[in-house]
1. If Gly143 satisfies all but one of (1) within 27 Å of Glu163 (Cβ to Cβ); (2) open to solvent by less than 20 Å² (accessible area, probe 1.4 Å); (3) at pLDDT below 95, what's the number of the condition it fails?
2. Identify, by number, the condition in (1) buried (at least 20 other Cβ atoms within 10 Å of the Cβ); (2) more than 18 Å from the chain's Cα centre (by Cα); (3) among the polar types (S, T, N, Q) that Gln161 doesn't meet.
3. Counting only residues that are of a type in the set (Asp, Glu) and outside any helix (DSSP H, G or I), which one in the range 170-226 is least open to solvent (accessible area, probe 1.4 Å)?
4. Going by the conditions given, is Ala181 more than 24 Å from Ser222 (Cα to Cα) and free of Cβ contacts under 8 Å to residues at least 60 places away in the same chain?
5. Does Gly143 fit the bill of being in contact with a helix residue (DSSP H, G or I) (Cβ under 8 Å, 6 or more places away or on another chain) and either in a loop (DSSP other than H, G, I, E, B) or free of Cβ contacts under 8 Å to residues at least 12 places away in the same chain (or both)?
6. State yes or no: is Tyr5 among the hydroxyl-bearing types (Ser, Thr, Tyr), at negative phi and open to solvent by less than 50 Å² (accessible area, probe 1.4 Å)?
Amino acid sequence: MYDNYRCCIFDLDGTLINTIYALNKTINLMLGELGYDGISEAQTKIFVGDGYRAFVERALISKGDERLAGLSRALPLYCRIFEENCLYRVEAYDGMRELLAYLKEQGLKIAVLTNKAEAQAVENIETVYGKGYFDLITGERPGLKKKPDPCGALYTARTLQAEPKECLYIGDTNVDMKTGAAAGMDTVGALWGFRTREELESCHPQYLAAAPTDIIQIVKNSKKPH
């Protein structure tokens, strides 16, 4: 029997799905309504990852609103615009479908853990991969601390009846690497995502993957007969 890893937990934005176009369009429409010019996709990749409030705050600060005077107006505006545009040009990264199919064939559980609002996270995942494809999808919700707090990762492991050491945590930011490490899970830095190799390496993940299909070999190499 081979069961070293029993569960793979994935971040969403920049890991499972390329959502940069939706995020960039939403923030720029919001900034436009507030009288600002937009930000670039490169800036968007740096600003996201800690939930929508932090994303909005960073965008406002980049426009000179260091005291966040416009935040109370910007937050509901962002939520409304994002609800209308959260599926704009979202797509799976090349090789991700092959990886997920392999994991399911091997009997591993697959889960999503994101700081995106849970309703939008579910909508994104189900649009790209279909309803019921993942064993668990967990997003931002009341009572659950956001990443890098490990409680979401540990909740996922408990729900899927896996020990933390049996989970592989895959993400593209330092927040993800810190989350997995704090939960006692092996981490994989996704080099195809929003952040740099240097950022991921600074968090000392167990693995770095240039493409989703590289994780197939990681799982294969981890298998131990017993």
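1. Condition not satisfied by Gly143: (2).
2. (1)
3. Here the residue is Asp172.
4. no
5. Details: in contact with a helix residue (DSSP H, G or I) (Cβ under 8 Å, 6 or more places away or on another chain): no; either in a loop (DSSP other than H, G, I, E, B) or free of Cβ contacts under 8 Å to residues at least 12 places away in the same chain (or both): yes.
Judged against the criteria, Gly143 is not a match.
6. Working: among the hydroxyl-bearing types (Ser, Thr, Tyr): yes; at negative phi: yes; open to solvent by less than 50 Å² (accessible area, probe 1.4 Å): yes.
Here the answer is yes, as Tyr5 does meet what is asked.
The values are calculated or read from the model by the stated rules, or taken from the named source; none is laboratory data. Keep in mind the model is a prediction, meaning the values are calculated, not measured. Quick reminder, even Gly has a Cβ in these numbers, built from the backbone with ideal geometry, and neighbours come from all protein chains shown. Just the protein is used for accessible areas: all its heavy atoms, side chains included, with ligands, DNA and RNA removed. Shrake-Rupley method; radii C 1.70, N 1.55, O 1.52, S 1.80 Å.
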